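The values are calculated or read from the model by the stated rules, or taken from the named source; none is laboratory data. Quick caveat, the model's predicted, so the values are computed rather than measured. FYI the Cβ positions are ideal-geometry reconstructions off the backbone, even for glycines, and counts take in every protein chain you see. Areas reflect the complete protein model, heavy atoms only, side chains present, ligands, DNA and RNA absent. Shrake-Rupley method; radii C 1.70, N 1.55, O 1.52, S 1.80 Å.
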Amino acid sequence: MGMRSTARGLKAALTTFNCRYTGLRTYCARMETKGLLFRQLFEHESSTYSYLLADAESREAVLIDPVLETVDRDLKLIEELGLKLKVTANTHCHADHITGSGLLKQKVFGLKSAISVHSGASADILFSEGDSIKFGRHKLLVRETPGHTDGCVTFVLGDQSMAFTGDALLIRGCGRTDFQQGCSKKLYESIHQKIFSLPGNCLIYPAHDYKGQTVSTVDEEKKFNPRVTKSLEEFTKIMDNLNLPKPTKIDVAVPANLVCGLHEI
Ligand code: FE
(Lines give C-alpha, C1' and ligand atoms only; values in the text may rest on other atoms or scores of the structure.)
Protein backbone atom coordinates (compact mmCIF):
# COMPACT_ATOMS: atom_id res chain seq x y z
CA MET A 1 0.00 0.00 0.00
CA GLY A 2 2.10 2.89 1.25
CA MET A 3 -0.22 5.24 -0.57
CA ARG A 4 -1.26 7.22 2.44
CA SER A 5 -1.59 10.66 1.02
CA THR A 6 0.07 13.44 2.88
CA ALA A 7 -0.90 15.97 0.24
CA ARG A 8 -2.86 18.86 1.55
CA GLY A 9 -5.91 20.17 -0.17
CA LEU A 10 -8.39 18.39 -2.27
CA LYS A 11 -8.60 15.07 -3.93
CA ALA A 12 -11.65 14.59 -6.10
CA ALA A 13 -12.11 10.96 -6.92
CA LEU A 14 -13.87 10.26 -10.16
CA THR A 15 -15.08 6.82 -11.04
CA THR A 16 -15.22 5.87 -14.68
CA PHE A 17 -17.89 3.50 -15.92
CA ASN A 18 -19.52 2.46 -19.18
CA CYS A 19 -22.92 4.05 -19.64
CA ARG A 20 -25.53 1.32 -20.16
CA TYR A 21 -27.44 3.41 -22.70
CA THR A 22 -24.66 4.76 -24.88
CA GLY A 23 -21.88 2.31 -24.05
CA LEU A 24 -19.60 5.30 -23.71
CA ARG A 25 -17.02 5.53 -21.02
CA THR A 26 -18.02 8.36 -18.77
CA TYR A 27 -17.30 9.90 -15.44
CA CYS A 28 -19.34 9.59 -12.31
CA ALA A 29 -19.30 12.80 -10.35
CA ARG A 30 -18.87 11.03 -7.05
CA MET A 31 -17.00 13.45 -4.92
CA GLU A 32 -14.58 12.03 -2.44
CA THR A 33 -12.93 15.33 -1.99
CA LYS A 34 -11.06 15.50 1.24
CA GLY A 35 -11.53 18.51 3.42
CA LEU A 36 -13.96 20.23 1.08
CA LEU A 37 -17.61 20.81 1.69
CA PHE A 38 -19.55 21.35 -1.52
CA ARG A 39 -23.19 22.12 -2.27
CA GLN A 40 -24.90 22.90 -5.56
CA LEU A 41 -27.96 25.11 -5.05
CA PHE A 42 -30.69 25.95 -7.56
CA GLU A 43 -32.96 28.96 -8.12
CA HIS A 44 -35.86 27.89 -10.34
CA GLU A 45 -37.13 31.18 -11.78
CA SER A 46 -33.87 32.01 -13.56
CA SER A 47 -32.56 28.40 -13.55
CA THR A 48 -29.45 29.62 -11.78
CA TYR A 49 -26.98 27.46 -9.88
CA SER A 50 -25.20 28.86 -6.86
CA TYR A 51 -22.29 26.95 -5.37
CA LEU A 52 -21.24 26.78 -1.75
CA LEU A 53 -17.67 25.67 -1.08
CA ALA A 54 -16.12 25.46 2.35
CA ASP A 55 -13.05 24.18 4.13
CA ALA A 56 -14.25 21.38 6.41
CA GLU A 57 -11.62 22.22 9.01
CA SER A 58 -11.64 26.01 9.35
CA ARG A 59 -15.32 26.23 8.17
CA GLU A 60 -14.45 29.21 5.94
CA ALA A 61 -16.80 29.36 2.97
CA VAL A 62 -17.28 30.97 -0.44
CA LEU A 63 -20.62 31.32 -2.20
CA ILE A 64 -20.53 31.58 -6.01
CA ASP A 65 -23.34 33.40 -7.86
CA PRO A 66 -25.92 33.85 -5.08
CA VAL A 67 -29.43 34.91 -6.12
CA LEU A 68 -31.39 37.61 -4.29
CA GLU A 69 -34.52 35.47 -3.89
CA THR A 70 -32.67 32.55 -2.28
CA VAL A 71 -30.49 34.45 0.18
CA ASP A 72 -32.43 33.23 3.23
CA ARG A 73 -32.34 29.60 2.09
CA ASP A 74 -28.58 29.83 1.53
CA LEU A 75 -27.94 31.51 4.87
CA LYS A 76 -29.96 28.83 6.67
CA LEU A 77 -27.80 26.12 5.11
CA ILE A 78 -24.61 28.02 5.94
CA GLU A 79 -25.75 28.30 9.54
CA GLU A 80 -26.80 24.65 9.76
CA LEU A 81 -23.42 23.53 8.47
CA GLY A 82 -21.64 25.83 10.91
CA LEU A 83 -19.81 27.75 8.18
CA LYS A 84 -18.25 31.19 8.16
CA LEU A 85 -19.11 32.87 4.87
CA LYS A 86 -16.08 34.96 3.87
CA VAL A 87 -16.61 35.81 0.21
CA THR A 88 -19.52 35.96 -2.20
CA ALA A 89 -18.16 35.83 -5.74
CA ASN A 90 -19.95 36.43 -9.03
CA THR A 91 -18.79 34.85 -12.28
CA HIS A 92 -20.09 37.95 -14.12
CA CYS A 93 -22.62 40.79 -14.05
CA HIS A 94 -25.81 38.78 -14.62
CA ALA A 95 -28.64 39.97 -16.84
CA ASP A 96 -31.32 37.48 -15.85
CA HIS A 97 -31.41 37.73 -12.06
CA ILE A 98 -30.30 40.04 -9.28
CA THR A 99 -27.29 38.90 -7.31
CA GLY A 100 -27.75 38.12 -3.62
CA SER A 101 -24.33 39.60 -2.80
CA GLY A 102 -25.56 42.95 -1.48
CA LEU A 103 -28.27 41.48 0.76
CA LEU A 104 -25.87 38.82 2.04
CA LYS A 105 -23.42 41.57 2.97
CA GLN A 106 -26.12 43.25 5.00
CA LYS A 107 -26.78 40.02 6.86
CA VAL A 108 -23.27 38.59 7.32
CA PHE A 109 -20.75 40.70 9.20
CA GLY A 110 -17.43 41.05 7.42
CA LEU A 111 -18.57 39.32 4.23
CA LYS A 112 -16.77 40.54 1.10
CA SER A 113 -18.27 40.71 -2.39
CA ALA A 114 -16.09 39.89 -5.39
CA ILE A 115 -16.38 40.28 -9.17
CA SER A 116 -14.06 40.83 -12.13
CA VAL A 117 -12.41 44.21 -12.50
CA HIS A 118 -13.56 44.09 -16.14
CA SER A 119 -17.26 43.76 -15.20
CA GLY A 120 -17.74 47.46 -14.56
CA ALA A 121 -19.48 46.56 -11.30
CA SER A 122 -18.46 47.66 -7.83
CA ALA A 123 -17.48 45.17 -5.12
CA ASP A 124 -15.04 44.81 -2.22
CA ILE A 125 -12.71 42.63 -4.27
CA LEU A 126 -12.13 43.30 -7.98
CA PHE A 127 -10.18 40.34 -9.29
CA SER A 128 -8.41 39.60 -12.54
CA GLU A 129 -6.58 36.74 -14.27
CA GLY A 130 -4.50 34.62 -11.90
CA ASP A 131 -5.96 36.04 -8.69
CA SER A 132 -7.16 33.60 -6.07
CA ILE A 133 -9.96 33.53 -3.53
CA LYS A 134 -8.86 31.61 -0.47
CA PHE A 135 -11.11 29.80 2.00
CA GLY A 136 -9.25 27.85 4.67
CA ARG A 137 -6.72 25.54 3.01
CA HIS A 138 -8.42 25.80 -0.34
CA LYS A 139 -8.63 28.34 -3.10
CA LEU A 140 -10.40 29.26 -6.29
CA LEU A 141 -8.21 30.57 -9.10
CA VAL A 142 -9.54 33.15 -11.51
CA ARG A 143 -9.36 32.49 -15.25
CA GLU A 144 -10.78 35.28 -17.37
CA THR A 145 -13.23 33.85 -19.91
CA PRO A 146 -14.82 36.85 -21.69
CA GLY A 147 -17.22 36.59 -24.62
CA HIS A 148 -20.65 36.37 -22.96
CA THR A 149 -19.67 39.61 -21.17
CA ASP A 150 -16.28 41.35 -20.88
CA GLY A 151 -16.10 40.54 -17.17
CA CYS A 152 -16.84 36.81 -17.29
CA VAL A 153 -14.55 34.51 -15.34
CA THR A 154 -14.21 30.83 -14.59
CA PHE A 155 -13.27 29.87 -11.04
CA VAL A 156 -11.00 26.83 -10.91
CA LEU A 157 -10.49 24.90 -7.70
CA GLY A 158 -6.83 24.74 -6.64
CA ASP A 159 -6.38 21.08 -7.67
CA GLN A 160 -8.25 21.62 -10.98
CA SER A 161 -10.88 19.03 -10.09
CA MET A 162 -13.76 21.49 -10.51
CA ALA A 163 -14.41 24.58 -12.62
CA PHE A 164 -17.26 27.05 -12.20
CA THR A 165 -17.73 28.37 -15.70
CA GLY A 166 -20.49 30.93 -15.22
CA ASP A 167 -22.21 31.63 -18.54
CA ALA A 168 -19.10 31.00 -20.65
CA LEU A 169 -19.48 27.23 -20.97
CA LEU A 170 -22.82 25.61 -20.18
CA ILE A 171 -23.60 21.89 -20.33
CA ARG A 172 -23.90 21.17 -24.09
CA GLY A 173 -24.22 24.89 -24.67
CA CYS A 174 -22.69 28.29 -23.94
CA GLY A 175 -23.75 31.77 -22.91
CA ARG A 176 -25.37 34.01 -25.49
CA THR A 177 -23.28 36.74 -27.10
CA ASP A 178 -25.89 39.16 -28.36
CA PHE A 179 -25.88 41.73 -25.55
CA GLN A 180 -23.67 43.13 -22.74
CA GLN A 181 -20.41 43.31 -24.77
CA GLY A 182 -21.08 39.83 -26.15
CA CYS A 183 -18.58 38.59 -28.73
CA SER A 184 -18.74 35.09 -30.19
CA LYS A 185 -15.07 35.04 -31.28
CA LYS A 186 -13.93 36.00 -27.77
CA LEU A 187 -16.18 33.37 -26.20
CA TYR A 188 -14.92 30.64 -28.53
CA GLU A 189 -11.30 31.50 -27.71
CA SER A 190 -12.01 31.70 -23.96
CA ILE A 191 -13.59 28.25 -23.91
CA HIS A 192 -10.90 26.61 -26.01
CA GLN A 193 -7.91 28.31 -24.38
CA LYS A 194 -8.96 28.71 -20.76
CA ILE A 195 -11.46 25.90 -20.09
CA PHE A 196 -10.54 23.13 -22.52
CA SER A 197 -6.93 23.39 -21.32
CA LEU A 198 -8.03 22.02 -17.93
CA PRO A 199 -7.73 18.27 -17.22
CA GLY A 200 -10.29 16.15 -19.09
CA ASN A 201 -11.87 14.89 -15.89
CA CYS A 202 -12.25 18.38 -14.41
CA LEU A 203 -15.91 18.77 -13.45
CA ILE A 204 -17.79 21.61 -15.14
CA TYR A 205 -20.33 23.43 -13.03
CA PRO A 206 -22.18 26.15 -15.01
CA ALA A 207 -24.19 29.14 -13.77
CA HIS A 208 -27.39 27.83 -15.36
CA ASP A 209 -29.06 24.80 -16.76
CA TYR A 210 -32.50 24.75 -18.36
CA LYS A 211 -32.80 20.99 -18.84
CA GLY A 212 -32.09 19.63 -15.37
CA GLN A 213 -28.45 18.75 -16.04
CA THR A 214 -26.20 19.40 -13.09
CA VAL A 215 -22.59 18.71 -14.00
CA SER A 216 -20.34 17.82 -16.92
CA THR A 217 -16.61 17.38 -17.55
CA VAL A 218 -14.10 19.04 -19.84
CA ASP A 219 -13.79 15.85 -21.91
CA GLU A 220 -17.56 15.51 -22.22
CA GLU A 221 -17.97 19.07 -23.50
CA LYS A 222 -15.01 18.70 -25.86
CA LYS A 223 -16.80 15.72 -27.42
CA PHE A 224 -20.49 16.50 -27.20
CA ASN A 225 -21.00 20.26 -26.95
CA PRO A 226 -22.93 21.00 -30.17
CA ARG A 227 -21.60 24.56 -30.46
CA VAL A 228 -17.98 24.67 -29.33
CA THR A 229 -16.98 21.47 -31.14
CA LYS A 230 -17.57 23.42 -34.39
CA SER A 231 -15.06 25.66 -36.18
CA LEU A 232 -14.94 29.31 -35.16
CA GLU A 233 -16.75 30.29 -38.37
CA GLU A 234 -19.58 27.81 -37.78
CA PHE A 235 -19.76 28.78 -34.10
CA THR A 236 -20.11 32.47 -34.99
CA LYS A 237 -22.86 31.66 -37.46
CA ILE A 238 -24.76 29.67 -34.80
CA MET A 239 -24.38 32.42 -32.21
CA ASP A 240 -25.44 35.15 -34.66
CA ASN A 241 -28.65 33.31 -35.49
CA LEU A 242 -30.00 32.25 -32.08
CA ASN A 243 -32.71 34.94 -32.17
CA LEU A 244 -33.34 34.67 -28.44
CA PRO A 245 -35.77 36.96 -26.65
CA LYS A 246 -34.26 39.53 -24.29
CA PRO A 247 -34.10 38.27 -20.67
CA THR A 248 -37.21 39.59 -18.94
CA LYS A 249 -35.24 41.00 -16.02
CA ILE A 250 -32.34 42.55 -17.95
CA ASP A 251 -33.39 46.18 -17.47
CA VAL A 252 -33.63 45.70 -13.70
CA ALA A 253 -30.94 43.10 -13.14
CA VAL A 254 -27.97 44.70 -14.93
CA PRO A 255 -28.18 48.12 -13.22
CA ALA A 256 -28.76 46.39 -9.87
CA ASN A 257 -25.86 44.00 -10.33
CA LEU A 258 -23.50 46.86 -11.17
CA VAL A 259 -23.96 47.92 -7.55
CA CYS A 260 -23.89 44.49 -5.98
CA GLY A 261 -27.65 43.91 -6.19
CA LEU A 262 -28.81 47.47 -5.44
CA HIS A 263 -27.99 47.05 -1.80
CA GLU A 264 -25.33 49.08 -0.15
CA ILE A 265 -21.85 47.65 -0.41
FE1 FE B 1 -25.24 35.76 -17.90
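At a glance:
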{"quantity": "MRE, 222 nm, helices only [DSSP H, n ≥ 4, -39500 (n - 2.57), over the chain, to nearest 500]", "calculated": "-5000 deg cm²/dmol"}
{"quantity": "Area accessible to solvent at Ser58, 1.4 Å probe radius, in Å²", "calculated": "40"}
{"quantity": "Max mean-square fluctuation residue, GNM over the chain, Cα-Cα springs under 10 Å, options His44, His208, His94", "calculated": "His44"}
{"quantity": "Carbon plus sulfur fraction of accessible area for the chain, probe 1.4 Å, in percent", "calculated": "52"}
{"quantity": "Order of exposure, largest accessible area first, which applies to Glu79, Glu43, Glu220 with probe 1.4 Å", "calculated": "Glu79, Glu220, Glu43"}
{"quantity": "Contact order relative to length of the range 34-257, as percent, for alpha carbon pairs under 8 angstrom and 6 or more apart", "calculated": "17"}
{"quantity": "Per residue value of the accessible surface for the range 128-265 (all protein chains in place, 1.4 Å probe), Å²", "calculated": "43"}
{"quantity": "Accessible area of the range 30-110 divided out per residue, in Å², using a probe of 1.4 angstrom", "calculated": "41"}
{"quantity": "Cα→Cβ-extended label distance, 7 Å offset, between Ser231 and Ser58, nm", "calculated": "5.0"}
{"quantity": "Solvent-accessible area of Thr217 with every protein chain in place, 1.4 Å probe, in Å² to the nearest 10", "calculated": "0"}
{"quantity": "Mean Cα-pair separation over length for the range 131-203, i.e. relative contact order, pairs under 8 Å, 6 or more apart, %", "calculated": "30"}
{"quantity": "Exceeding the 18 Å Cα-Cα cut-off - candidates Lys105/Lys249; Lys112/Lys134; Lys112/Lys139; Lys34/Lys112; Lys186/Lys223; Lys86/Lys112", "calculated": "Lys105/Lys249; Lys34/Lys112; Lys186/Lys223"}
{"quantity": "Positive dipole terminus of the chain, leading residue within Val218, Cys93, Gly166 (C-beta point charges)", "calculated": "Val218"}
{"quantity": "Accessible surface of Lys139 - all protein chains present, 1.4 Å probe, nearest 10 Å²", "calculated": "80"}
